[in-house]
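Working notes, beginning with the structure itself.
Please treat every number below as a calculation from the coordinates, not as lab data. Remember, it's a predicted structure, so these values are computed and weren't measured experimentally. Neighbour counts are summed over all protein chains in view; Cβ atoms, including those assigned to glycine, are modelled from backbone coordinates with ideal geometry.
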C-alpha cells in the first residue's frame with residue numbers, strides 16, 4: 001500500500017541511467033516474448049485502436065467458446081456464448097446462435113466458466129516486471145498507478161504496450177507529489193534542486209515543479225496527498241500535510257498539462273479540501289463525511305477506497321497498525337456504502353505495493369461486503385473504473401470494439417463475487433496469459 005518506501009537505485013544515477021533502466025525493464029518483453037512471438041510483433045497502429053490491442057504489439061486472434069458471458073454495463077447474462085477476437089479486439093460476442101465463428105482460429109474452451117471483461121485495478125504500485133505480470137495473472141488487465149519512486153510505472157506502461165501479457169494496460173502516475181521526496185529526489189536530475197528547500201515540497205513553485213517534471217516524464221495522472229500515511233506506525237493518518245491552497249496548486253498545474261489528480265486522504269477535513277481543490281479521485285478516504293460525499297457527487301469526483309489495503313492493516317504483526325486497521329475498516333465500509341447510496345462513482349483499487357500483488361477480485365468482494373450489490377461491486381472494477389481511467393470503449397466490457405482482455409472464473413460471480421479473486425484463465429489482448 002502507499003506506505004512502504006521502495007529501495008533506491010544505484011547511487012550513480014543520471015538521466016541517461018534512468019532512461020536506461022526504463023529501457024531495461026521494457027526490454028524484459030523482448031526476452032520473454034520469445035515464447036510468444038505474436039506478442040512481440042510490431043504493429044503500425046497507434047491511438048485508441050492500438051491501445052485496445054495493446055499498443056506496440058499485435059494482439060491475438062481467438063474464439064472464446066461456450067462460457068456464460070456477463071456484461072457488467074447491462075447486467076445481461078448469456079449462456080453458451082461465443083466471443084470472437086481479431087488482432088486483440090473483440091469483433092463479436094453473444095449467444096452461439098447469433099455469432100459467426102471463423103474457421104482456423106485458436107479456440108479457448110470456456111464451458112463451465114463465466115466470462116467477464118478483464119478487471120481494472122485503479123490504485124496499484126507496480127515497480128518491477130514481476131509485479132506487473134503478477135497483476136495480470138490475478139486478473140487486472142488494466143490499472144492506474146498510485147505512483148512509484150523512480151518512474152518505474154512509466155516503463156511498465158511501455159512494457160504493457162510491447163508485450164501485453166506481461167503487464168496491465170497502465171495509466172502511470174510518476175512520482176508522488178509529497179512534502180518529503182526522500183530518495184525520489186534521485187528519480188530525475190531536475191528534482192535534485194528541491195533538496196535545498198528547508199521545508200520540502202510545499203511552496204507553489206516547488207509543487208508546480210514536481211508536477212512539471214512528472215509531465216515531462218510522461219505521467220498520465222498526478223498523485224498527491226493531503227494526510228500522512230496509515231501504514232507507518234509513527235505517522236498520524238489524520239494529520240494534514242497540504243492545505244487547500246497547496247492542493248489547488250497541484251490540481252492547477254496538472255490540469256494545465258491535461259492531467260487529473262488522485263489524492264491520498266484520510267481525515268474528513270483533508271478529504272473535503274482535496275475534493276473542493278478539484279482532485280479527480282479521492283484515495284482511501286476513511287473518514288470522508290456526508291458533506292464531502294455530496295460535493296463529490298456534484299463534481300463527479302471518484303472514490304477509490306482501497307479496502308484491501310485497510311483490511312491488510314488489521315492483519316499486520318505491528319500492534320499499532322493492526323489496531324488501526326481494525327478501527328478503520330468498519331468506518332471505511334460505512335463510507336463506501338454511503339457513497340454508493342448517494343451516487344458517488346466508485347473505483348476498485350488494491351493499493352498493492354512492495355512486491356505483494358493482491359488480487360483485484362478481493363477488492364470487489366470487500367465492496368460487496370460493504371453493502372454494494374454484486375453487480376455494482378463488479379462495476380467498480382470494470383465499467384466504473386474504465387471511466388475513471390479514460391478507458392471507456394476500451395476496457396470494462398466485451399462488446400465489439402473493446403479490447404480482448406477477459407477473465408474466466410469457475411462459478412457465478414453474481415452469486416459469489418469471491419470467485420473473481422482467483423481467475424481460472426486470463427486473456428490479455430486476445431492472448432491467453
If you wrap a convex hull around the alpha carbons of the chain, what volume per residue comes out, as a whole number of Å³? 129
If only Cα atoms are counted, what is the Rg of the range 283-361, and what is its Dmax, in Å? 13.2, 40
The Cα radius of gyration of the range 146-207, divided by 2.2 N^0.38 Å with N its residue count, comes to 1.33
Rank these for me by crowding, 223, 256, going from fewest to most other beta carbons within 10 Å. 256, 223
Calculate how steeply helix 290-299 sits against the longest principal axis of the alpha-carbon atoms of the chain, using the helix alpha-carbon long axis, and give the answer as 0 to 90 degrees to the nearest 10. 60
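Sorting 63, 286 on the 10 Å Cβ count, fewest up front, what's the list?
63, 286
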Inter-centroid distance (Cα atoms) of the range 143-219 relative to the range 378-412, Å: 27
Rounded to the nearest 5, what is the percent of antiparallel bridges among the DSSP beta bridges in the range 119-394? 10
Nearest 10 degrees, 0 to 90: helix 244-256 Cα axis against the chain principal axis: 50
Using a 10 Å cut-off around each Cβ, can you sort 340, 284 from fewest to most neighbouring Cβ atoms? 340, 284
Using only helices, what value at 222 nm comes out for the chain when you add -39,500 (n - 2.57) per DSSP H run of length 4 or more and divide by the total residues, to the nearest 500 deg cm²/dmol? -10500 deg cm²/dmol
Debye sum, Cα scatterers, the range 61-130, no solvent: what log₁₀ I/I(0) at q = 0.19, 0.23, 0.28 1/Å? -0.77, -0.98, -1.29
Given the options 396, 343, 139, state which has the largest fluctuation in a GNM of the chain using a 10 Å cut-off (strictly under) for Cα springs. 343
With springs only between Cα atoms under 10 Å, which of 192, 380, 394 fluctuates most in a Gaussian network model of the chain? 192
Ranked output for segments 317-324, 87-94, 247-254, 149-156 by mean other Cβ atoms within 10 Å, highest leading, reads 149-156, 247-254, 87-94, 317-324
At q = 0.13, 0.25, 0.27, 0.28 Å⁻¹, what base-10 log of I(q)/I(0) does the Debye formula yield for the range 202-250 when every alpha carbon is treated as an equal point scatterer in vacuo? -0.37, -0.93, -0.97, -1.00
Angle in degrees between helix 15-32 and the longest Cα principal axis of the chain, rounded to the nearest 10: 20
Do you know the relative contact order of the chain, to the nearest whole percent, from alpha carbon pairs under 8 angstrom that are 6+ apart? 20
